[in-house]
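See structure below.
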Amino acid sequence: MGSSCINLSLSNIWRSYNEFKKGKKPSQELEIFNYYLEDNLYKLHIELNSGKYKHGGYKKFIVKDNKRREISVANIKDRVVHRLLYECLNENYDKTFIYDLWSCRKGKGLLGAIKRTQEFLSKNNNSFVWRADIEKFFDSVNQEILLKIIYRKTKELKAFNLIKEIIRSYNILQTRKEEGVKRGIPIGNLTSQILANIYLNELDRFVKHDIKSKNYLRYGDDFIIIADNLDELGQIRKRVIDFLNIKLQLELNRKNDIIVKTRHGLKFLGFEIFPRGRWLKKRSWNRAKKRLNFDNISSYSGLVKKCNNFKKIEEFNWRVFEKISEID
């Protein structure tokens, strides 16, 4: 990654700001920032190019989805910088990622991951599949390890220092045993998506190049590995756990550390996936029905139509009709 990656010109900062504000709802913070827009962006331009930029704090709030999550939101100035960095990191790292990384990548996504998982199950119908995820992944990322990984590809000092400033802007509270260890990347940051993929790319490459698994897929911190028999899969599982513990200082989520026969299907990414079919898990299906509104109809509709049987599709269509009728 050279100096050409981080384009800190004033025109590019303006472009980054315009990308940031797309789809943003009106707010007092945005209104005030816009009132002094030229001054704000020029000041940011000077700070970034002089090396004096410092990341601000975060506003935090709790979201309760299928699990309780703390979202951290930076101020507008910092989110413009996040977008600049995201584009730079994505440009330099995406081509180094394995094919079967499906999260936060152009042309990939959740539906693609589900379809690909079904393909794996179908062509390995008499095998075994291990599905797992990381315990509190975003809170567990070791910032020193992440920075060392990034430094291998980011020798340009200005770019690296800016990345370091973003990563160091956040740190979760530690137990006394871990005092001094900086951990965590905030779920609310745009940069956290690409940083998560960079961190777990170490795992991807270990599985593909050291273990040489042909049937491995990751989406976020959820992943599956398929092997011909239980003994082989058990050995793979042990090697992966050791790698996560020692190299990345991560632990598996015990609840989702599961091995099943591929022909029996598995629960993965909010779906029940089988060699010859797939549909939303009951909890995900109920959540989709409950949250359905005019703004998300198209998103949920695509999900339901591609991953459910005719009866559920018909039920969903009736609910869409009811919502549209309410609006009319």
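Can you give the FRET efficiency for I258 and K60, using 1/(1 + (r/R0)^6), R0 = 35 Å, r = Cβ-Cβ distance, to the nearest 0.05?
After rounding, the FRET efficiency stands at 0.65.
Return one whole number: the accessible area per residue of segment 28-186 in Å², for a 1.4 Å probe.
Heavy-atom accessible area per residue stands at 55 Å².
Using a 1.4 angstrom probe on the protein heavy atoms only, could you order W130, W279, W102 from most to least accessible area?
W279, W102, W130
Restricting to DSSP loop positions (anything but H, G, I, E, B) with no more than 16 other Cβ atoms inside 10 Å of their own Cβ, which chymotrypsin sites (Phe, Trp or Tyr not before Pro) remain in segment 1-64?
Y36
Expected output is a single nm value to one decimal: the length gained when fully extending between K95 and R205, i.e. 0.36 nm times separation in residues minus the C-alpha distance. What is it?
Result: 38.3 nm gained on full extension.
Take the residue pairs K123/K267; K115/K267; K21/K43; K95/K255 and return only those whose Cα atoms are more than 21 Å apart.
Going by Cα-Cα distance, K95/K255 fall outside the 21 Å limit.
How big is the gap, in Å, between the Cα center of segment 237-257 and the Cα center of segment 182-222?
So the two Cα centres are separated by 13 Å.
I need the shape label for segment 190-242. Rule: rounded when a/c is under 1.5, else prolate if a/b > b/c, else oblate, with a, b, c from the alpha carbon gyration tensor.
prolate
The values are calculated or read from the model by the stated rules, or taken from the named source; none is laboratory data. These figures come from a predicted structure and were not determined experimentally. Every residue, glycine as well, gets a Cβ built from its backbone with ideal geometry; the counts of neighbours run over all protein chains shown. Areas reflect the complete protein model, heavy atoms only, side chains present, ligands, DNA and RNA absent. Shrake-Rupley method; radii C 1.70, N 1.55, O 1.52, S 1.80 Å.
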